[in-house]
Amino acid sequence: MLEETGCPYRTEVLDFGPDMKSPGYLAINPMGKVPAILHKGKVVTEAAAICAYLADAFPDAGLAPPLSERAAYYRWMFFAAGPVEASLSNKAFGFEVPADRRGMVGYGSIENVVDALEYAVTQSEYIAGDRFTAADVYVGSQIGWGMMFGTLDKRPAFDAYWQRISSRPAAVRAREIDDARVPKSQGSA
């Protein structure tokens, strides 16, 4: 998302584990999770919130639709942050909601969530219409992550959507930046 804004930024990489639970970082995010951003003295955590915030903070990047056209933008970004994330996490841990208790969880069943997500990515080129938005950053990341780790079934609609999102120049640059930060193993050329 930072690359999509086109604005300069500075990253700080934390090692997974003790660094994320240090007093200094817990002052930024009491959950000890990443990502978190600091912009103009304000902290924003939670990936969907960060995407929505940055889209509004940098309007020239065109990552949020006009207010009158934000229904699908908000709907699918927060559907991915709620039902999609919860259901895929539960699947990863082998938890399935019993059929008679599906009304007690926000997502009902993983089958319903995955079918709704497939519906969403087949209605237009991007999740909120015919132009790319911050919602695509978040929804696309959920889809790519889920397919990579096997918590989301690989369906043609998901694969096609992920290919559109992950091939964007900003996504390619972000991967290159991340890959450059990974230490090379001692035995590689």
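The values are calculated or read from the model by the stated rules, or taken from the named source; none is laboratory data. Computed from a prediction, not measured in an experiment: that's the story for all the values here. Virtual Cβ from ideal backbone geometry, glycine too; neighbours counted across all protein chains shown.
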Being outside any helix (DSSP H, G or I) and within 25 Å of residue 7 (Cα to Cα), is that true of even one residue in segment 159-169? yes
Of these, 78, 132, which one is among the hydrophobic types (A, V, I, L, M, F, W, C), within 27 Å of residue 35 (Cβ to Cβ) and not in a helix (DSSP H, G or I)? 132
In this structure, does residue 58 turn out to be in contact with a helix residue (DSSP H, G or I) (Cβ under 8 Å, 6 or more places away or on another chain), of a type outside the set (Gly, Ala, Ser), closer than 26 Å to residue 167 by Cα and surrounded by fewer than 19 Cβ atoms within 10 Å (Cβ to Cβ)? no
Under 7 Å by Cβ, and 6 or more places apart or on different chains, what pairs join a residue from segment 7-25 that is on the phi < 0 side of the Ramachandran plot with one that is among the hydroxyl-bearing types (Ser, Thr, Tyr) and in a loop (DSSP other than H, G, I, E, B)? none
Only residues that are under 20 Å from residue 145 (Cβ atoms) and part of a loop (DSSP other than H, G, I, E, B): list them for segment 41-62, please. 46
Residue hits (segment 81-107; in a loop (DSSP other than H, G, I, E, B) and either on the phi < 0 side of the Ramachandran plot or in contact with a Leu (Cβ under 6 Å, 6 or more places away or on another chain) (or both)) are 93, 95, 96, 97, 98, 105, 106, 107
For residue 110, work out the one condition from (1) modelled with pLDDT of 95 or more; (2) more than 25 Å from residue 3 (Cα to Cα); (3) in contact with a Leu (Cβ under 9 Å, 6 or more places away or on another chain) it doesn't fulfil. (1)
